Amino acid sequence: MTSTHDYADDPRNATILIDVNGELKPRAEAVVSVFDSGFILGDGVWEGLRVMDGGIAFLDAHLDRLYEGAKAIDMEVGLSRAELSQRLFACLAANEMSDGVHIRLMVTRGIKRTPYQDPRVTIGPATIVIIPEYKQTRPEVRARGITLFTVHVRRTGPAEQDQKLNSHSKLNCILACIQATKAGADEALMLDPDGFVATCNSTHFFIVRKGEVWTSTGDYCLGGITRANVIQVASEAGYTVREKRFSLTDVYGAEEAFVTGTFAGLVPVREVDGRVIGEAPADGNSAGLITRDLSARYKALAAASLTRP
């Protein structure tokens, strides 16, 4: 696998304890029912969290998005924010984890009495799973950068499936990922219904043109927390940031491009649809000067954002 989510296997992950509804289970025993709403229907919401230097980065923003998503699908999480935070840190403590960790926090509607979509056949509370793993982006991926392929699968509007929801149902992103992989690219670049650039299948997309930082309007993509933080640090650094509609022609002619996400932060894009972005730096690192600057500024902001137990 080559993508922003590519990582080196860590043997410590074989013995992690996973929190399933408040009970710590060894990896092989961490299971949910086949009647769980998430398994049957993809009915739930989730967050990816980065653990560094003993704390969780941007925890409040992630919880905001989780609880807002749960409310949007009319699902009770069943824990207060404080209780859920406590459970997260208890899981980390049980695993003696403090740095270089990525958490997948998942909340589904819970167990159903029969495999059917109606939420009224749910018979229990929400299922809450916390999976902490030692995972960090491979340095060579960050240095080499990734390639993108523009797929036919579009990001839909809120009338179809609101892209603001970080739901378990990710089939459109999966199909996009498959098409990009079959085309020999690392990840998919996805367009909005009118053919303008929207986002990638698992990350957010930025370009640099004439020193300006451009990203999509955000109307057809998840409300990315890393995306918002990069926009913030870029604005504070004096860059002109434009959230706007732009086309693939704008992308092909960009000086730099990069993607953002909780797992990897900023990762440069070296090629889109076979077009090399900008000029290859002499040092072999595909990140342009603005990408490097924003990456350093984002890392500093993440370090300052940490919530500790």
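Computed values, structure above
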quantity: Filtered residue count, segment 239-259, keeping only those that are part of a helix (DSSP H, G or I) and either of a type outside the set (Ser, Thr, Tyr) or touching a strand residue (DSSP E or B) at 6+ places or on another chain (Cβ under 8 Å) (or both); calculated: 4
quantity: Entirely in segment 26-116, the helices (runs of 4 or more DSSP H) that have 1 or more residues that are farther than 25 Å from Gly224 by Cα and touching a residue at least 60 places away in the same chain (Cβ under 8 Å); calculated: 37-41, 81-94
quantity: Residues of segment 173-192 satisfying the condition of being more than 18 Å from Val269 (Cβ to Cβ) and surrounded by 18 or more Cβ atoms within 10 Å (Cβ to Cβ); calculated: Asp192
quantity: Boolean, Tyr7 is closer than 29 Å to Asn201 by Cα, modelled with pLDDT of 95 or more and either of a type in the set (D, E, K, R) or within 20 Å of the chain's Cα centre (by Cα) (or both); calculated: no
quantity: Criterion violated by Phe149 - all others in (1) in a strand (DSSP E or B); (2) hydrophobic (A, V, I, L, M, F, W, C); (3) within 25 Å of Gly38 (Cβ to Cβ) satisfied; calculated: (3)
quantity: Yes/no for Gly218 being at pLDDT below 95, surrounded by 13 or more Cβ atoms within 10 Å (Cβ to Cβ) and of a type in the set (Gly, Ala, Ser); calculated: no
quantity: Asp162 being part of a loop (DSSP other than H, G, I, E, B), more than 19 Å from Ser202 (Cβ to Cβ) and either in contact with a helix residue (DSSP H, G or I) (Cβ under 7 Å, 6 or more places away or on another chain) or not basic (Lys, Arg) (or both); calculated: no
quantity: Residue check for Ala28: out of contact with any strand residue (DSSP E or B) (no Cβ under 8 Å at 6 or more places or on another chain) and over 30 Å from Arg120 (Cα atoms); calculated: yes
quantity: Subset of segment 117-133 (residues that are part of a loop (DSSP other than H, G, I, E, B) and in contact (Cβ under 8 Å) with a residue 12 or more places away in the chain); calculated: Gln117, Ile123, Gly124, Pro125, Ala126
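The values are calculated or read from the model by the stated rules, or taken from the named source; none is laboratory data. Quick caveat, the model's predicted, so the values are computed rather than measured. Using ideal geometry, Cβ is built from the backbone for each residue, glycine included, and neighbour counts are taken over all protein chains shown.
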